[in-house]
C-alpha cells in the first residue's frame, strides 16, 4: 500500500491542492484511496465534504495534528496532507509511514530559504533510506528566471524537480466543488494534465 506524503513546513505553498489532486489521480485509476489531513486548517477534509457523491470515492482517514496513526489496511493507496511547521517527532512519525514524498515549493527566494532546513533533512533521509522524493514547482512558469533559480537551488540538494504547475484558476474552481483535474473532461484541463504527467509517471513508478 503506497503512502504518499505531501509536505512543506511553510504554509500557503499548495500542499492541499497537490494532495487532493494526487488522491483524485489514484481514484481515477480505480484504486481504493484514502486522504488524510494532519493540518489544523483541515483543508483536505473540507474538500472531501464538498466532493459530490457521483464522483469517484475518496475516503477520509481520521487523523489528527497530534496523532499520526498507521493507515487502515482496507485501502490500496493513501495520501497524507501535512501541516505547516512539520518538524521534530511529528516529522519523523510521518516519514516512517511514507513511501513517497512530494514537496511543493514556490520559486520565491523567501519560500526557498524558509524550506531549506526541511529540504536538507529530507535529502538526508533519501540518502539513508528507500524513500522516493520529488519537488513540484508551484505556480511557476518554467521559462522564467525564478524557475531557473528554483532548479539551481534544488539540484544542489540532489532532489529532482518533477514538474512545474502553472498558476491557474482551474485548481480553485475545481476545489470549490470537491473535484480534481482527473474528475472532469480532459479537454477542459488539457494544459494542466500535460504538466501533471511527470507526477503521474512518478506516482506509478
Residues that are in a helix (DSSP H, G or I), in contact (Cβ under 8 Å) with a residue 60 or more places away in the chain and under 16 Å from residue 52 (Cβ atoms), drawn from the stretch 166-205: 175, 181, 182, 183
Condition met for residue 151 (at pLDDT 90 or above, closer than 20 Å to residue 8 by Cα and either surrounded by fewer than 19 Cβ atoms within 10 Å (Cβ to Cβ) or under 17 Å from the mean Cα position of the chain (by Cα) (or both)): no
Given (1) modelled with pLDDT of 90 or more; (2) surrounded by 20 or more Cβ atoms within 10 Å (Cβ to Cβ), number of the condition residue 32 does not satisfy: (2)
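Table: residues versus (1) surrounded by fewer than 24 Cβ atoms within 10 Å (Cβ to Cβ); (2) assigned to a strand (DSSP E or B).
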residue: 1; (1), (2): yes, no
residue: 10; (1), (2): yes, no
residue: 19; (1), (2): no, no
residue: 27; (1), (2): yes, no
residue: 36; (1), (2): no, yes
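The values are calculated or read from the model by the stated rules, or taken from the named source; none is laboratory data. Just so it is clear, the structure is predicted and the values come from calculations on it, not from any experiment. Note: ideal-geometry Cβ built from the backbone for every residue, glycine included; neighbour counts use all protein chains shown.
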